[in-house]
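Asker: I have a structure I would like to understand better, so I am pasting it below and will then ask my questions one at a time.
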Amino acid sequence: MNPPRPTHLAQVILRDAIEEGDTVIDATAGNGHDTVFLAGCVGEKGRVLAFDPQEKAIRSARSRVDAAGLGCRVDFYQTSHSRMAEHAEAGSISTVMFNLGYLPGDDHAMTTESQETLLALAATQGLLKSGGVLSVVCYPGHPAGAVEAAAVEAWLSSRAAYGWRTAKYGMLGTLQPAPYLLLARKA
């Protein structure tokens with residue numbers, strides 16, 4: 001058995017953290033895999049707020065969500081994840097998922113950016129309920145991803161001073177930096 005990919009591990013862990021009726025955020029909708037996962041977890045009475053600045057990503061995610069029959073549970077926003085606080089009330093979110101990097105199958109030069117991601121992470125502080133969970137998959141294998149991963153890890157590490165519990169999960173001994181998962185539970 002191989003260790004699970006960080007994206008799969010995030011879903012395994014978050015499945016138990018999300019309750020039916022919750023409001024959750026997919027901060028990086030991409031091709032919609034996490035959006036479909038979250039929509040399945042929140043049930044008929046829950047909501048998923050899905051963000052991506054790329055029109056192609058929103059179309060792809062919406063298509064995947066609609067094909068799964070879950071479109072009525074998801075609100076899509078074609079904007080940066082740094083603006084999520086404009087679309088959710090403080091303390092109303094149980095889970096926020098980030099899958100950083102670039103849109104698979106598209107231009108690898110268009111990536112999430114450290115500054116926008118740090119603004120989005122700062123927004124999660126006010127949006128998450130007490131006990132809410134933040135999940136971030138980082139991709140340090142390309143230059144922009146390495147800078148972003150280091151910034152995200154430093155930001156999450158600093159949350160311990162505020163009572164947050166944080167963890168890092170990833171492969172060891174790889175030829176190039178492997179993707180990894182950062183998780184945090186708000187105090």
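The values are calculated or read from the model by the stated rules, or taken from the named source; none is laboratory data. Keep in mind that what you see is a predicted model, and the values were worked out from it rather than measured. Glycine gets a Cβ as well: all are built from the backbone with ideal geometry, and neighbour counts include every protein chain shown.
Asker: Given the residues Ala149, Ala160, Ala167, Ala154, which is the only one that is crowded, with 17+ Cβ neighbours inside 10 Å and of a type outside the set (D, E, K, R)?
Answerer: Working: Ala160 fails: crowded, with 17+ Cβ neighbours inside 10 Å; Ala167 fails: crowded, with 17+ Cβ neighbours inside 10 Å; Ala154 fails: crowded, with 17+ Cβ neighbours inside 10 Å.
The unique qualifying residue is Ala149.
Asker: Further question: Among (1) surrounded by 15 or more Cβ atoms within 10 Å (Cβ to Cβ); (2) charged (D, E, K, R); (3) over 17 Å from Tyr139 (Cβ atoms), where does Asp52 come up short?
Answerer: Of (1) surrounded by 15 or more Cβ atoms within 10 Å (Cβ to Cβ); (2) charged (D, E, K, R); (3) over 17 Å from Tyr139 (Cβ atoms), only one is false for Asp52: (3).
Asker: Report, by residue number, each residue of the range 50-83 that is of a type in the set (A, V, I, L, M) and more than 18 Å from Gly101 (Cα to Cα). Outline the logic, then answer.
Answerer: First, the residues of the range 50-83 that are of a type in the set (A, V, I, L, M): 50, 57-58, 61, 65, 67-68, 70, 74.
Within the range 50-83, Val65, Ala67, Ala68, Leu70, Val74 qualify.
Asker: Here is a further query. List the number of the failed condition for Lys56; all other conditions in (1) at pLDDT below 95; (2) within 14 Å of the chain's Cα centre (by Cα) hold.
Answerer: Lys56 satisfies every listed condition except (2).
Asker: Looking at Ala27, Ala61, Ala50, Ala85, which one is within 23 Å of Thr117 (Cα to Cα) and in contact with a His (Cβ under 6 Å, 6 or more places away or on another chain)?
Answerer: Working: Ala61 fails: in contact with a His (Cβ under 6 Å, 6 or more places away or on another chain); Ala50 fails: in contact with a His (Cβ under 6 Å, 6 or more places away or on another chain); Ala85 fails: in contact with a His (Cβ under 6 Å, 6 or more places away or on another chain).
One residue alone meets the criteria, Ala27.
Asker: Looking only at residues that are within 25 Å of Gln125 (Cβ to Cβ) and of a type in the set (Val, Ile, Thr) in the range 59-96, which one is surrounded by the most Cβ atoms within 10 Å (Cβ to Cβ)?
Answerer: Here the residue is Val96.
Asker: Taking the stated definitions as given, is His8 in contact with a Phe, Trp or Tyr (Cβ under 8 Å, 6 or more places away or on another chain) and surrounded by fewer than 17 Cβ atoms within 10 Å (Cβ to Cβ)?
Answerer: It is false that His8 is in contact with a Phe, Trp or Tyr (Cβ under 8 Å, 6 or more places away or on another chain) and surrounded by fewer than 17 Cβ atoms within 10 Å (Cβ to Cβ).
Asker: With the requirement that a residue be in contact with a Leu (Cβ under 8 Å, 6 or more places away or on another chain) and either under 26 Å from Gly91 (Cβ atoms) or surrounded by fewer than 20 Cβ atoms within 10 Å (Cβ to Cβ) (or both), what does the range 15-30 give you?
Answerer: Ile18, Thr23, Val24, Ile25, Asp26, Thr28
Asker: Restricting to the range 1-29, what's the tally of residues that are on the phi > 0 side of the Ramachandran plot and either of a type in the set (S, T, N, Q) or under 10 Å from the mean Cα position of the chain (by Cα) (or both)?
Answerer: 0
Asker: Can you tell me which of Glu153, Glu113 is of a type in the set (D, E, K, R), out of contact with any helix residue (DSSP H, G or I) (no Cβ under 6 Å at 6 or more places or on another chain) and at pLDDT 95 or above?
Answerer: After ruling out the rest, the residue left standing is Glu153.
Asker: Sort out which residues of the range 171-181 are buried (at least 18 other Cβ atoms within 10 Å of the Cβ) and either under 16 Å from Gly131 (Cα atoms) or not hydrophobic (A, V, I, L, M, F, W, C) (or both), and write them in order of number.
Answerer: Correct list: Pro179, Tyr180.
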